[in-house]
Amino acid sequence: MLDVIDTPDGAILPVRVIPRAKRTSLDGLRAGALLARLSAAPLDGAANDALLLLLSEALGVSRSALAIVSGLRSREKRVAIRSLSADDVRRRLNVR
C-alpha cells in the first residue's frame, strides 16, 4: 500500500527515485513508496525537476503545487502535494 500521509495543506507522498533510467515513468510501488524511473541524471537538480514534472502530469496538478520536502540529494524523497488528500493522490495514481 502507498504510504501517503494527510497534512493540513494536502498530502506527503514518499517516492523512490531511480535516476538515469532508460525511460521516465512511474513503475508501481516499492516498500510503501511510489517508484519513479527518471531518464534525467541527478546533476544540478535535473532529476528532481523531472520528478516534479512527472508527478504534476500524473496527478493533474500544477508544478507549483508540488515541493520536495526531504531527500533533495537522496533516492528516497518526500513530496508535498498541496490541495490533494492522501485518498485523492492514491486515486489519481491508481494505487492503493
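Laboratory data are not the source of any read-out in this text; all were calculated from the coordinates shown. In this text, all values refer to a predicted model and were calculated from it rather than measured experimentally. Backbone-built Cβ (ideal geometry, glycine too); neighbour counts: all protein chains shown.
Given R0 = 30 Å, the distance between the Cβ atoms of Asn94 and Asp44 translates into a calculated FRET efficiency of 0.40. Label-to-label distance, Met1 versus Leu72, with points set 7 angstrom from Cα along the beta-carbon direction: 3.3 nm. The relative contact order of the chain, computed from alpha carbon pairs under 8 Å that lie at least 6 residues apart in sequence, is 34 percent. Could you tally the net charge around Asn94, taking each other residue with its Cβ under 15 Å from the Cβ of Asn94, Lys/Arg +1 and Asp/Glu -1? Charge balance near Asn94 sits at 0. For Thr24, the residues whose modelled amide H falls within less than 5 Å of its own, excluding neighbours fewer than 5 places apart on the same chain, are Ser39.
Shape of the chain from the C-alpha gyration tensor: prolate (a/c of 1.5 or more and a/b above b/c, with a ≥ b ≥ c the square roots of its eigenvalues).
The H on the amide N of Leu35, modeled in the peptide plane, is under 5 Å from the matching H of Arg16, Asp27, Gly28, Leu29, Arg30, each at least 5 residues off or on a different chain. Derived scalar couplings between HN and Hα for the stretch 62-69 equal 6, 4, 6, 7, 10, 8, 7, 9 Hz in order, rounded to whole Hz, by the Karplus curve 6.51 cos²θ - 1.76 cosθ + 1.60 (θ = phi - 60°), x for Gly and Pro.
Each of Leu52, Pro14, Leu26 was scored by the projection of its Cα onto the charge dipole of the chain, and the greatest displacement toward the positive side belongs to Leu26; charges sit on the C-beta of Lys, Arg, Asp and Glu. The charge dipole of the chain, taken about its Cα centre with unit charges on the Cβ atoms of Lys, Arg (+1), Asp and Glu (-1) only, comes to about 380 debye. Tell me, how many Å apart are the Cα centres for the stretch 1-22 and for the stretch 23-57? Their Cα centres are 10 Å away from one another. Counted by Cβ distance under 13 Å from Ala65, the other residues give a net charge of 0, where Lys and Arg count +1 and Asp and Glu count -1.
Between Pro42, Ile5, Leu66, whose Cα lies farthest towards the positive end of the dipole of the chain when Lys and Arg beta carbons carry +1 and Asp and Glu beta carbons carry -1, centred on the Cα centre? The one lying farthest along the dipole's positive direction is Pro42.
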